[in-house]
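Comments concern the structure below.
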Amino acid sequence: MLPPPGVDRLRSLPIARGAPLYGRITADLAKQLWAMLLMIGLGTLLGFEVTGGAAGFFGGLLLLLVFAAAVAWTAVLIGMLAGDAEKVQVFAFTLIFPITFTSSAFVEVDTMPGWLQAWVNVNPVTHLSDAFRGLLLGTPAGEAIMWSLVWAAGIALVFMPLGMRAYRSRA
């Protein structure tokens with residue numbers, strides 16, 4: 001199996017083996033932060049008010065970045081296992097689409113059928129969106145924040161070692 005593109009030239013440099021992955025994840029987090037700030041800025045221009053204060057605003061950004069860092073390891077694993085960019089996109093879409101659209105991010109849970117509510121109530125995106133919404137609006141979000149952090153830790157604990165193992169086996 002061939003190493004990922006660009007890894008051959010990195011082997012000769014005096015850097016840690018995982019440095020390219022950590023660098024990529026750091027760059028992805030910077031991109032995510034920019035996207036979050038842009039989304040909140042556009043929302044503010046359209047009339048959204050951040051009533052949670054500075055603590056809620058920065059707490060929400062930090063929570064989203066922590067969750068994004070955990071989920072980035074799933075992308076690392078998919079990228080290492082898939083042969084090309086097209087397969088990565090298909091796998092990622094297959095995972096992200098149902099999780100995102102069966103959450104409370106777009107629709108209130110009470111309006112969904114009962115069988116779907118059971119899944120939505122344990123969906124990590126539901127907890128994350130409820131926590132972020134609560135932090136920005138200054139409403140109680142303690143339980144949603146806790147579950148978001150639990151999901152982020154669980155995702156990172158599972159996918160970080162798997163992603164690093166897949167990377168090391170290909171590099």
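The values are calculated or read from the model by the stated rules, or taken from the named source; none is laboratory data. Owing to the predicted nature of the structure, the values given are computational and were not obtained by experimental measurement. No Cβ is skipped: glycine too gets one built from the backbone with ideal geometry, and neighbour counts run over all protein chains shown. Surface accessibility is based on the protein's heavy atoms, side chains included, excluding ligands, DNA and RNA. Shrake-Rupley method; radii C 1.70, N 1.55, O 1.52, S 1.80 Å.
What to note about this one:
- Using the rule -39500 (n - 2.57) for each DSSP H run of four or more residues, divided by the residues of the chain, the 222 nm mean residue ellipticity is -25500 deg cm²/dmol.
- Put a dot 7 Å past the Cα of M146, heading toward its Cβ, do the same for A54, and the two dots end up 2.9 nm apart.
- Gain on full extension, evaluated as 0.36 nm per residue between D28 and I15 minus their Cα-Cα distance, stands at 2.7 nm.
- Solvent-free Debye scattering, log10 I(q)/I(0), computed from the Cα coordinates of the range 13-171 at q = 0.12, 0.15, 0.17, 0.18 Å⁻¹: -0.61, -0.91, -1.11, -1.20
- Summing +1 for each Lys or Arg and -1 for each Asp or Glu among the other residues whose beta-carbon sits under 15 angstrom from that of L64 gives 0.
- Apportionment of accessible area to carbon and sulfur, the range 75-171, percent (1.4 Å): 72 percent
- Angle in degrees between helix 85-101 and the longest Cα principal axis of the chain, rounded to the nearest 10: 20 degrees
- Check: the chain dipole with +1 on Lys, Arg Cβ and -1 on Asp, Glu Cβ, in debye: 920 debye
- Take every Cα pair under 8 Å whose residues are at least 6 apart in sequence, average their separation, divide by the length of the range 77-158, and the relative contact order is 20 percent.
- Per-residue HN-Hα couplings for the range 110-127 [Karplus 6.51, -1.76, 1.60; θ = phi - 60°; Hz; x = Gly/Pro]: 4, 8, 8, x, x, 5, 7, 4, 4, 6, 4, 5, 10, 5, x, 5, 4, 4
- Between L38, V50, A85, the Cα set farthest toward the positive side of the dipole of the range 12-131 (charges on each charged residue's Cβ, about the Cα centre) is that of A85.
- Bins of 5 Å from zero: percent of alpha-carbon pairs in the range 81-171: 2, 13, 16, 19, 18, 13, 10, 6, 3, 1
- Taking Cα atoms only, the orientation of helix 142-170 departs from the longest principal axis of the chain by about 10 degrees.
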